[in-house]
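The values are calculated or read from the model by the stated rules, or taken from the named source; none is laboratory data. Note that the coordinates shown come from a computational prediction; the quantities given were computed from them, not determined experimentally. Cβ sites come from the backbone with ideal geometry, for glycine too, and all protein chains shown count toward neighbours.
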Amino acid sequence: MKSVTIYCSSSASLDPHFTRTAEVVGRELAARGLSLVYGGGSTGLMGDVARACAAAGGEVIGVITSYLAGLEVAFEGCTELITVETMRDRKRIMVERGDAFLVLPGGLGTYEEFFETLVGRVLAEHDKPVGIVNDHGYFDPLLSMIDHGIEQKFIRPAIRQLLSIDRDAIAVLHALVEDRGHGLTQSDLIPPLGELEG
């Protein structure tokens, strides 16, 4: 593993404990020699993780749209800054450049990135590990929603096994680095046709 794509918030009005976690992640990536791939912004958790990684000597690869570059102010400390025109291109490059995905607290954009990446894993578009840092229980409602979908048989139970989840960011990052697969097949993740029709 050479790089980790981080999905997280660009909001500048968050509780400081979220900032501290993002900084821990940035420093840990640098310490492990892992490149940070992220949304390229300098605000919110995006900026926190990027600054911490860069300050610790890590490689920072930012991917941002020209529109968001004006809103978020692209991080000038990026080792490499890729500017694209559409969010679709941004997400595609972030998936391509990362060897694993780590989700920190965020809003709608973070949710979209997470679910698109997870669905891509389910549909075998990639086989990279996905982790969630459930910092201070932020993702409890999201995880409950997924569990509810499993209980109601809209989501396959094996989906949960694809996710490395912990409140401790270092623990999640370690799980991603040590990922040895989950022994799951596509039939575990996608219902048979007859089951879909039923």
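Pick from the range 56-79 the residues that are under 29 Å from L162 (Cβ atoms) and not hydroxyl-bearing (S, T, Y): which of them is modelled with the lowest pLDDT?
By that ranking, first place goes to L68.
Within the range 122-145, how many residues are charged (D, E, K, R), under 17 Å from G98 (Cβ atoms) and surrounded by 11 or more Cβ atoms within 10 Å (Cβ to Cβ)?
Total meeting the criteria: 2.
Which of the residues that make up the range 63-86 are over 16 Å from A50 (Cβ atoms) and surrounded by 15 or more Cβ atoms within 10 Å (Cβ to Cβ)?
T65, V84
State whether the residues of the range 146-154 include one that is surrounded by fewer than 15 Cβ atoms within 10 Å (Cβ to Cβ), farther than 15 Å from V37 by Cβ, of a type in the set (F, W, Y) and at pLDDT below 95.
yes
Restricting attention to the range 85-141, which residues are of a type in the set (D, E), under 30 Å from G70 (Cα atoms) and out of contact with any helix residue (DSSP H, G or I) (no Cβ under 7 Å at 6 or more places or on another chain)?
D89, E96, D99, E112
For the range 79-126, which residues satisfy the criterion of being of a type in the set (D, E) and in contact (Cβ under 8 Å) with a residue 40 or more places away in the chain?
Those that are of a type in the set (D, E) and in contact (Cβ under 8 Å) with a residue 40 or more places away in the chain: D99, E113.
So the check is Cβ under 8 Å with 6+ separation or different chains; which pairs have a first residue in the range 144-168 that's farther than 20 Å from R121 by Cα and a second one that's part of a loop (DSSP other than H, G, I, E, B) and basic (K, R)?
Cβ pairs passing all conditions: none.
Out of A56, A22, A30, A50, report the one residue that is surrounded by fewer than 18 Cβ atoms within 10 Å (Cβ to Cβ), among the aliphatic types (A, V, I, L, M), over 26 Å from I155 (Cα atoms) and touching a residue at least 24 places away in the same chain (Cβ under 8 Å).
Exactly one residue qualifies, and that residue is A56.
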